[in-house]
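To keep things clear, I will list the structure first and then write my remarks on it.
Every number in this text was worked out from the coordinates using simple rules, so none of it is lab data. Computed from a predicted model, the values in this text were never measured in an experiment. We place every Cβ from the backbone using ideal geometry, glycine too, and count neighbours over all the protein chains shown.
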Amino acid sequence: MRVFVLKKKVLVRVLVFVLLLTGAAVYTKVAIGGDTQTFSSSGEGTAVCSVDTDKKEICLTFDTAFGEDQTEAILQVLKDKGVRATFAVMGAWGQENDELLRAIREEGHDIISHSMTHERYNEMEADAIARDAQAARSFLKLEAGTDTPFIRPPYGACSEEVYAALRKEGLIPVRWSIDSKDWKGEGAEAITKQVVSNCKPGAIVLFQNNVKDTPEALAAVIDQLKELGYSFTPLSEMAMQENYIVDINGIQRARETEDSLRSPDAKDAQTTKEGE
């Protein structure tokens, strides 16, 4: 009986260990503002949340959809400060605000997709995601003169299935590393503190275009970050569109060559072999 009990305990422990190990290796869930992002530990199913860079630069982004529109005021702040930013534009908003859409482009800012209709992609089938995303891309190409592969899914609602559907269409999903939390309505000072205190090189900062405190906070954020030595770069100039990987934390990095990934010992061995 003793032997039987011991074996049973060992079997249970082994089974639990295997289950835990398998679960950890296959899926990880990380909440990075908005909805929860689900992705594999390999990094294959992640959005770009920040960029690995040795420059002290960040990207300011604005989700541009319906609501109490502050886009004109935001554009004025950016113009006054001499800063270029990135606007994630919902197609339906662009249809109803063609003059603002044109102003965003003419003032030198990036325009990326924020879907056509602002539906939650993680609640849609792959073919429906593809139709909506391509409709938005076609609209922005026609009306804004920009053919961007970057897309920010509505609400940041993401999953491996969403990423797979977007990548199949040649699109690059983008989220953020810093949520300004302007949508919480806590005032310009709180927004400014949230962004500045969390800022790191390569950060992608999320603002909304429909919060009354955002323009005031934006001006303060720009001033304070400039004092800290930061510069501001549109997404298309900071993020890569090819030859990159995205790690499980959403950090986009340049893809290294096969040779650079080898250990020094492996390189030496290969060199010796080739010299024989």
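Here are some notes:
- Set of aspartates and glutamates with alpha-carbon distance to Lys181 below 18 Å, sequence-local pairs under 8 removed: Asp35, Asp63, Glu68, Asp69, Glu189, Asp213, Glu216
- Full-extension gain in nm, Glu68 to Asn198, via 0.36 nm per residue minus C-alpha separation: 44.1 nm
- Inter-probe distance in nm under a simple model that places probes 7 Å from Cα toward Cβ, at Arg120 and Leu228: 3.3
- Extension gain (nm, one decimal) between Glu256 and Glu106, 0.36 nm per residue minus Cα-Cα: 50.4 nm
- Shape category assigned to the range 39-254 from the gyration tensor of Cα positions, a/c cut at 1.5: oblate
- Secondary structure note: in the range 39-254, about 15% of the DSSP beta bridges are antiparallel.
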